[in-house]
Amino acid sequence: MGKGPGLYTEIGKKARDLLYRDYQGDQKFTITTYSPTGVAITSSGTKKGEIFLADVSTQLKRNNITADVKVDTNSNLSTTITVDEAAPGLKTILSFKVPDQRSGKLELQYLHDYAGICTSVGLTANPIVNFSGVVGTNVGSIGTDVSFDTKTGNFTKYNAGISFSNADLIAALTLNDKGDTLTASYYHIVKPLTNTAVGAEVNHSFSSNENTITIGSQHALDPLTTVKARVNNFGKASALIQHEWRPKSLFTISGEVDTKAVDKSAKFGLALALKP
């Protein structure tokens, strides 16, 4: 565990990653190469049904400054410039997308032993301002995440969360969607040597009075191969196997079936990520 509580986005992140990360129903291919000058060039393509999406991105690092530029099939040019440790514990991120003139955003992140703060503002005449803050330690923390639209004078988002963790267990409780959704999550490391862990997430919607319960687990068959599985109370069952066939190069196969409608075709996903 780290020294401080981290940022608000890290509340419940371990359980979310266990239950949802790397599951997909599409076909995705990613390859990364490096130029002699150290520039990383990543090309990726994703097939979603009959639609094929692709993008090419480059990343250049110089001292504590990182520049990322990406071009996609919709002719969008996205740029992100990150400055690490501009001051102790401070990260500055500037991002914008061409031709979207309202996409510019400046973000500041500050990490302390007892606090984590992230604030961002849109680079427009009437920007959306976002603020999230967490106070506590790496054992227990509480935080909030709010967004304010200066054009309409309304809060577009206000969430709150609390987290508790120790060496092998992380529990979190968050209130999202302007107070309409209550989410409780649990992540437990069963056996560190085999990366065996279990997790669960319960969502309750106050407006619809509906509950969604998802449970899952992961286990490393060997140091290079991991399997994961999950199921929810609506009968959707998913599983994946991921193999690191060379350092940082991953091959992932995932599938999902509706156990309450077995006559329907199962969904399958494939992801291949290549790095030198």
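The values are calculated or read from the model by the stated rules, or taken from the named source; none is laboratory data. Just so you know, these numbers come straight off a predicted model, no measurement behind them. Positions of Cβ are generated from backbone atoms using ideal geometry, with glycine treated the same way; all protein chains shown enter the neighbour counts. SASA here: full protein model, heavy atoms, side chains in, ligands and nucleic acids out. Shrake-Rupley method; radii C 1.70, N 1.55, O 1.52, S 1.80 Å.
Tabulated values for the structure
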item: Residues of the range 38-51 satisfying the condition of being outside any loop (DSSP other than H, G, I, E, B) and surrounded by 12 or more Cβ atoms within 10 Å (Cβ to Cβ); result: ALA40, ILE41, THR42, SER43, SER44, GLY45, THR46, LYS47, LYS48
item: Qualifying residue in the range 239-248 (condition: within 21 Å of the chain's Cα centre (by Cα) and either closer than 26 Å to GLY179 by Cα or of a type in the set (D, E, K, R) (or both)); result: yes
item: Residue within the range 60-72 that is under 30 Å from SER165 (Cα atoms) and outside any strand (DSSP E or B) present; result: no
item: Selected residue (criterion: farthest from SER238 (Cα to Cα)) from residues of the range 20-37 that are touching a residue at least 60 places away in the same chain (Cβ under 8 Å) and assigned to a loop (DSSP other than H, G, I, E, B); result: ASP26
item: Conditions (1) within 20 Å of the chain's Cα centre (by Cα); (2) free of Cβ contacts under 8 Å to residues at least 40 places away in the same chain; (3) open to solvent by less than 50 Å² (accessible area, probe 1.4 Å); number of the one not met by VAL83; result: (1)
item: Selection status of ALA54, within 21 Å of THR32 (Cβ to Cβ), touching a strand residue (DSSP E or B) at 6+ places or on another chain (Cβ under 7 Å) and either outside any strand (DSSP E or B) or small (Gly, Ala, Ser) (or both); result: yes
item: Verdict on ILE253 being closer than 18 Å to ALA15 by Cα and outside any loop (DSSP other than H, G, I, E, B); result: no
item: Criterion (crowded, with 18+ Cβ neighbours inside 10 Å and over 21 Å from the mean Cα position of the chain (by Cα)) met by exactly one of ILE128, ILE117, ILE170; result: ILE128
item: Pairs, first touching a residue at least 24 places away in the same chain (Cβ under 8 Å) in the range 139-167, second of a type in the set (Val, Ile, Thr), C-beta under 6 Å, six or more apart; result: SER141/VAL134; GLY143/VAL134; GLY161/ILE11; GLY161/THR174; ILE162/ILE142; SER163/ILE11
item: Lone unmet requirement of (1) under 23 Å from LYS47 (Cα atoms); (2) of a type in the set (S, T, N, Q); (3) surrounded by 12 or more Cβ atoms within 10 Å (Cβ to Cβ) for SER265; result: (3)
item: Only listed residue being touching a Gly at 6+ places or on another chain (Cβ under 6 Å), within 30 Å of CYS118 (Cα to Cα) and open to solvent by 60 Å² or more (accessible area, probe 1.4 Å), chosen from PHE96, PHE29; result: PHE96
item: Filter result for THR194 (open to solvent by less than 70 Å² (accessible area, probe 1.4 Å) and touching a residue at least 24 places away in the same chain (Cβ under 8 Å)); result: yes
item: Test set (1) at pLDDT 95 or above; (2) closer than 22 Å to LEU90 by Cα - GLY161 fails condition number; result: (2)
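Yes/no per residue for (1) over 17 Å from THR196 (Cβ atoms); (2) modelled with pLDDT under 95:
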| site | (1), (2) |
| --- | --- |
| VAL227 | no, no |
| ARG246 | yes, yes |
| PHE251 | yes, no |
| SER254 | yes, no |
